[in-house]
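First up is the structure itself, then whatever we jot down about it.
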């Protein structure tokens, strides 16, 4: 009888201990779940973000020969600083992306331009002459007036050619998208440039005024 009673008491104690252990384990599971949910919430609220404009990163260059003279542009996309040389004269320009302006000097003359990237326009003055150019991204054509003369260039991507007229003379160039080499004839002279870290569309839309400028 005493043995049976003792066994019964042991069973009750064991059951109680098991219940306490279960409750403690359950409480720990609840706490871990809560912590896990909190951590997931933190990850969702504070994701790793990478911000920046890929069109305004790094250094771009345009180098070679235009008008039988050495030509070089170095463009800091982030700061908008443009330096180099053309027609045996220095180039020092500042692009203000917020104001939409290009100011400085080129070909020993002042440059003062206003551009609208959405409309594709560049207008103002350079090389003591008016600049009024519009780039159509659908047809890859920049047209208008540059250096007191009608101006029009069209890029045929399939053929790899740029044709048109500038400074009252024909322009016939070929462009290799792989090597970035742009060469042929313009301004009645040989023409050879290598473009790095810029698309040909960006060159035509924003830098045609200095590349194809009339020599003062």
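The values are calculated or read from the model by the stated rules, or taken from the named source; none is laboratory data. All figures in this text were calculated on a predicted structure; none of them were measured in a lab. Backbone-built Cβ (ideal geometry, glycine too); neighbour counts: all protein chains shown.
Kindly indicate the residue of region 91-107 that is at pLDDT below 95 and within 20 Å of residue 166 (Cβ to Cβ) and also surrounded by the fewest Cβ atoms within 10 Å (Cβ to Cβ) among those meeting that condition. Checking each candidate, the answer is 107.
Residues in region 47-64 that are modelled with pLDDT under 95 and in a strand (DSSP E or B): none.
Can you give me the number of residues within region 135-148 that are surrounded by fewer than 16 Cβ atoms within 10 Å (Cβ to Cβ) and touching a strand residue (DSSP E or B) at 6+ places or on another chain (Cβ under 7 Å)?
Qualifying residue count for the region: 3.
Among the conditions (1) under 26 Å from residue 181 (Cβ atoms); (2) surrounded by 12 or more Cβ atoms within 10 Å (Cβ to Cβ); (3) at pLDDT below 90, residue 128 misses just one, which is (1).
Hey, can you tell me all the residues within region 170-206 that are part of a loop (DSSP other than H, G, I, E, B) and either out of contact with any strand residue (DSSP E or B) (no Cβ under 6 Å at 6 or more places or on another chain) or surrounded by 14 or more Cβ atoms within 10 Å (Cβ to Cβ) (or both)? Please lay out each step first, then the result.
First, pick out the residues of region 170-206 that are part of a loop (DSSP other than H, G, I, E, B): 177-180, 187-188, 197-199.
Result: 177, 178, 179, 180, 187, 197, 198, 199.
Residues in region 185-204 that are within 19 Å of residue 81 (Cβ to Cβ) and over 14 Å from the mean Cα position of the chain (by Cα): 1 in all.
Every condition in (1) at pLDDT 95 or above; (2) farther than 24 Å from residue 185 by Cα; (3) under 20 Å from the mean Cα position of the chain (by Cα) holds for residue 118 except the one numbered (1). Checking each residue in region 62-90 for being surrounded by fewer than 20 Cβ atoms within 10 Å (Cβ to Cβ), closer than 16 Å to residue 191 by Cα and within 21 Å of the chain's Cα centre (by Cα) picks out 63, 72. In region 140-169, the qualifying residues are those that are under 21 Å from the mean Cα position of the chain (by Cα) and in a strand (DSSP E or B), and the one that is nearest to residue 205 (Cα to Cα) is 142. Within region 65-115, track down each residue that is in contact (Cβ under 8 Å) with a residue 12 or more places away in the chain and not in a strand (DSSP E or B). Passing the criteria: 67, 68, 77, 78, 80, 87, 88, 97, 100, 107, 108.
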